[in-house]
Amino acid sequence: RYSAEQNTQIRKAEVVLQLSGDATAKVNTAYAGLQYENGDLNFYLNKPSDDQRKWLQQNTSIPSFDITTFNMVNNKDKIPSAVVNVDLILKRFATVSGKRLFMTPNLMNRSTYIPEKLESRKTNIVKKVGYTDLDIIEYILPEGIYPEFLPNAIKLNSRFGAYEATYVLTNGHLVYTRKLIMNKGEFPAESYNELIEFYKNLSKADNTKIVFLSKT
């Protein structure tokens, strides 16, 4: 059995943003433990390049992108792991409106799931797998823009997990860091509304936008 500390998805990316809203990205993602099986990745690691490209197209959560180059590395250790590297062209990644540019810094790991609301939950909540996601996304900003709004750090804590997101801007580089730890376990039925609230806050945090203003 793997723990939340062993079921990891660790992503590091460098994104070069343009004033037009387009961008390019270099993304390195390491999957380990049960996350090695995300989207059946483990079945694609030794398949032909065309099949691997299809996996990337289906499992890259960005609205509009083109893949330029990629590779996959399989590590069959005691705790299996894989590394996926991909270079992307991101069309209209940021929205431009007049002198403003709107961008969601969470590049590829935005939570949208919110459990269905129930009047009265009868059974316990069972989370069979614990896991850890870490995303470190560095944005290289074009000259001549500055943030009109930069979000404060966000922290969420509940019996189901913990979440933290930070935004650090220095010398034209914005570093967005997101860490999510989801706990394995069985939780009482009466905690269901707490679960809904946790996922609502998680989705809101993941979809936070940053607004930049052009100096010109």
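Could you check how many residues of region 69-78 are of a type in the set (Ser, Thr, Tyr) and open to solvent by less than 70 Å² (accessible area, probe 1.4 Å)?
Restricting attention to region 69-78, the residues satisfying the condition of being of a type in the set (Ser, Thr, Tyr) are 69.
Among the residues that remain, those that are also open to solvent by less than 70 Å² (accessible area, probe 1.4 Å) are: none.
The number of residues fulfilling the criteria is 0.
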Identity of the residue in region 19-56, part of a loop (DSSP other than H, G, I, E, B) and of a type outside the set (Asp, Glu), that ends up nearest to Met72 (Cα to Cα)
Leu45
Among the residues of region 27-42, is there at least one that is loosely packed, with under 14 Cβ neighbours inside 10 Å and under 22 Å from Val175 (Cα atoms)?
no
Please go through region 185-200 and pick out each residue that is surrounded by 16 or more Cβ atoms within 10 Å (Cβ to Cβ) and not in a helix (DSSP H, G or I).
Phe187
Checking the conditions here, which among Ile10, Ile67, Ile62, Ile89 is touching a Lys or Arg at 6+ places or on another chain (Cβ under 9 Å) and not hydroxyl-bearing (Ser, Thr, Tyr)?
Ile67
Cβ contacts < 9 Å: first residue closer than 12 Å to Arg121 by Cα, restricted to region 187-201; second residue part of a helix (DSSP H, G or I), any location; separation 6+ or different chain. Result?
Phe187/Glu194; Phe187/Leu195
Looking only at region 84-91, decide whether some residue is farther than 30 Å from Arg1 by Cα, modelled with pLDDT of 95 or more and loosely packed, with under 13 Cβ neighbours inside 10 Å.
no
Those residues of region 202-216 which are in contact with a Phe, Trp or Tyr (Cβ under 8 Å, 6 or more places away or on another chain) and open to solvent by 60 Å² or more (accessible area, probe 1.4 Å), in sequence order:
Lys209, Lys215
Looking only at region 134-184, which residues are assigned to a strand (DSSP E or B) and touching a helix residue (DSSP H, G or I) at 6+ places or on another chain (Cβ under 8 Å)?
Ile154, Leu156, Ser158, Gly161, Tyr163, Ala165, Arg178, Leu180
Asp135 fails exactly one of (1) surrounded by 13 or more Cβ atoms within 10 Å (Cβ to Cβ); (2) more than 15 Å from the chain's Cα centre (by Cα), namely (2)
Residue in region 57-64 that is touching a helix residue (DSSP H, G or I) at 6+ places or on another chain (Cβ under 7 Å) and surrounded by 14 or more Cβ atoms within 10 Å (Cβ to Cβ) present:
yes
If the Cβ limit is 6 Å and pairs must be 6+ apart or interchain, which residue in region 92-118 that is closer than 17 Å to Leu174 by Cβ and open to solvent by 60 Å² or more (accessible area, probe 1.4 Å) pairs with which residue that is among the aromatic types (Phe, Trp, Tyr) and outside any loop (DSSP other than H, G, I, E, B)?
Thr95/Phe102
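Among Lys99, Lys122, Lys155, which is the only one that is farther than 22 Å from Leu17 by Cβ and at pLDDT below 95? Steps first, please.
Numbers: Lys99 fails: farther than 22 Å from Leu17 by Cβ; Lys155 fails: at pLDDT below 95.
Matching residue, one of Lys99, Lys122, Lys155: Lys122.
The values are calculated or read from the model by the stated rules, or taken from the named source; none is laboratory data. Note that the structure is predicted; figures quoted are calculated from it, not measured. Every residue, glycine among them, receives a Cβ derived from its backbone with ideal geometry; neighbour counts consider all protein chains shown. All accessible areas refer to the heavy atoms of the entire protein, side chains included, with ligands and DNA or RNA removed. Shrake-Rupley method; radii C 1.70, N 1.55, O 1.52, S 1.80 Å.
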